[in-house]
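The values are calculated or read from the model by the stated rules, or taken from the named source; none is laboratory data. Predicted model only: the values in this text are computed from it and were never measured. A quick note on method: Cβ atoms are made from the backbone with ideal geometry, for glycine too, and the neighbour counts reach across all protein chains shown. The protein model used for the area step is the full one, side chains on, heavy atoms only, and it has no ligands, DNA or RNA in it. Shrake-Rupley method; radii C 1.70, N 1.55, O 1.52, S 1.80 Å.
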Amino acid sequence: METRSAKRKKIAQIVENEAKAATDRISDLPDDILHHILFLLPIKCVARMSILSKRWKFLWTTFPDLDFTTLNPFETSSKNVKFSNFEKPRHPLDSTRMDFITQVLSIREKQSDIRVLCFRARLSFSRLNSLMRSAIRHNVRELDIEVATEDVFTDDYFNFPRCVIGSESLRVLKLKSGFRLPPSSVMRSGFQSLQTLSLSLVILTKQPSLPDLFSESSFPLLRILHLDMCYGLKYLHVGCRALEDLSLEKCYQLEVLDISCVKLERMRLVKCFDAYSDKSWVRINAPKLQHLFWQHNAVTDKTVFEHSNFLHEVSVGFFILDRDRNTGKLQSATNFLSGLSHVRSLTLERQTIEILSNNHLLFQPFYNLKSLELHTGFNKSNVPGLACLFKNSPTLNSLILKILNEFRIERKEWNRDLWDMTITEGELYWESQSRTLESFLQHLKVVKIHGFLDYENEVALAKFLLKYGKALEEMILYAGHCNARDTLRRQKIRSQMMGFSWASSNAKVAFQ
């Protein structure tokens with residue numbers, strides 16, 4: 001028989017073997033898997049683990065994803081720090097941390113490539129070039145860098161680092177800094193392998209026109225292009241054949257935008273175009289465009305928008321100056337909306353609805369539109385714009401109305417008592433539109449009104465949709481915050497609304 005002492009030794013040996021096996025399982029994992037695990041840790045933790053063994057030291061020197069943003073996120077520290085005339089504010093990424101980045105790049109194995117290099121730093125242009133040249137030597141695939149000049153008291157700018165232009169390994173370049181682009185002839189000589197380009201804080205005062213930079217020959221494989229805060233840019237042509245995603249933001253001085261991309265699917269333009277220019281125009285030729293986000297942009301003098309049969313989701317918010325109310329910019333706004341005729345889901349901001357209401361624009365109907373979201377102050381002057389949109393949405397299924405309750409907007413309260421059967425002005429208007437909105441009312445199924453405060457205009461619209469909406473299935477009215485007095489008043493109004501005549505026996509009304 002096995003003695004008790006022998007049994008304990010046997011169990012101890014089994015536990016020891018299992019512990020060794022567990023350790024061996026981790027050590028025996030392939031480098032790719034261990035690199036993926038290490039990527040989930042801050043880079044300083046990964047560096048400390050290199051002292052565990054030769055294996056872990058090798059993993060560190062071949063680690064492909066170098067994200068130094070975990071050291072200290074880039075921020076301008078001078079805002080909250082007081083200093084005398086002889087003191088400089090502390091740099092957010094000081095020389096010690098920069099030395100750490102330089103050291104990491106210098107100890108890498110000669111044959112180990114860098115997949116990702118990210119850092120935020122305040123440094124000199126020469127040091128930036130040195131770091132980027134080192135990364136290029138290791139065949140870096142993705143560069144994500146945000147830099148500022150080392151001297152915080154000057155308005156100096158960087159020159160675009162030319163060492164990255166000819167890289168054959170680079171696939172993703174994200175660069176944020178106040179920098180100047182080199183001549184287009186230099187830029188066009190490289191980037192043959194680049195797939196994603198994101199440039200922020202570009203200084204183009206001496207190069208305001210980029211007619212031939214973003215072309216098929218310059219960027220044959222470019223699929224994603226993001227340009228942000230391009231100061232001085234007035235003319236931009238984008239004709240990359242492989243481009244699928246285009247984003248342009250805060251290019252306030254832009255006057256001409258010419259887009260011709262056969263594979264473009266997503267486009268985002270925010271705060272662009274010079275509102276005071278008399279020669280601005282935009283042309284969009286993107287037959288496969290699916291998603292368009294067009295926000296806070298000035299209406300141009302001329303718009304050419306080729307139809308896209310694939311247009312699925314669009315959000316529009318443009319504005320026009322009072323001085324341009326009787327100019328060609330109104331026709332330009334009409335052309336823009338007509339270019340959206342195949343859209344399936346549409347969101348319109350307040351200023352766009354005001355332009356429609358005040359100028360009676362005539363545009364092509366949205367025959368494919370199924371979902372419409374409108375942001376409006378819902379004052380009296382905006383009602384014609386809403387009716388115009390309903391008339392041009394003959395097959396709409398879902399209507400979402402978000403009422404902006406601004407103090408500057410005067411809205412008349414609904415004060416009618418149960419025994420008062422007089423018809424309000426708003427009700428008369430909607431009654432006059434019942435025939436022209438017949439198709440709209442036969443297809444509408446869901447209505448959601450946010451910010452419903454029981455004013456005359458929204459109550460009149462809700463009553464009209466209940467009375468004539470033959471296909472209506474659901475109406476949800478979301479009320480804002482109210483006091484006890486308003487609560488009693490709303491309960492009275494709601495009881496009246498439940499007594500309105502309904503065209504659809506399947507309709508359900510909910511108050512939230």
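Report the residue count in region 243-268 for those that are surrounded by fewer than 16 Cβ atoms within 10 Å (Cβ to Cβ) and either in a strand (DSSP E or B) or over 19 Å from the mean Cα position of the chain (by Cα) (or both).
Looking only at that region, the number is 2.
Identify the residue in region 375-427 that is open to solvent by 70 Å² or more (accessible area, probe 1.4 Å) and at pLDDT 90 or above and, among all such residues, is nearest to ARG350 (Cα to Cα).
Checking each candidate, the answer is LYS402.
Among the residues in region 224-240, are any touching a Phe, Trp or Tyr at 6+ places or on another chain (Cβ under 6 Å), part of a strand (DSSP E or B) and in contact (Cβ under 8 Å) with a residue 12 or more places away in the chain?
Among the residues of region 224-240, at least one is touching a Phe, Trp or Tyr at 6+ places or on another chain (Cβ under 6 Å), part of a strand (DSSP E or B) and in contact (Cβ under 8 Å) with a residue 12 or more places away in the chain, which makes the answer yes.
What number of residues within region 319-358 are over 18 Å from LEU399 (Cα atoms) and not in a helix (DSSP H, G or I)?
Final tally of qualifying residues: 8.
Could you list all residues from region 105-125 that are open to solvent by less than 50 Å² (accessible area, probe 1.4 Å) and of a type in the set (Asp, Glu)?
none
Among GLU474, GLU438, GLU431, which is the only one that is closer than 14 Å to SER505 by Cα, modelled with pLDDT of 90 or more and either out of contact with any helix residue (DSSP H, G or I) (no Cβ under 9 Å at 6 or more places or on another chain) or open to solvent by 30 Å² or more (accessible area, probe 1.4 Å) (or both)?
None of the other options fit; the residue is GLU474.
It is to be established whether one or more residues within region 319-330 are touching a Lys or Arg at 6+ places or on another chain (Cβ under 7 Å) and closer than 23 Å to VAL262 by Cα.
no
Here is a list of conditions, (1) closer than 24 Å to TYR235 by Cα; (2) assigned to a strand (DSSP E or B), and VAL314 meets all of them except one; can you say which number that is?
Going through (1) closer than 24 Å to TYR235 by Cα; (2) assigned to a strand (DSSP E or B) one by one, VAL314 breaks only (1).
Just need a number here: residues in region 502-512 that are open to solvent by 70 Å² or more (accessible area, probe 1.4 Å) and either of a type in the set (Phe, Trp, Tyr) or closer than 18 Å to ASN457 by Cα (or both).
The total comes to 1.
When only residues in region 217-241 that are surrounded by fewer than 16 Cβ atoms within 10 Å (Cβ to Cβ) and more than 20 Å from LEU254 (Cβ to Cβ) count, which is farthest from the chain's Cα centre (by Cα)?
Here the answer is SER217.
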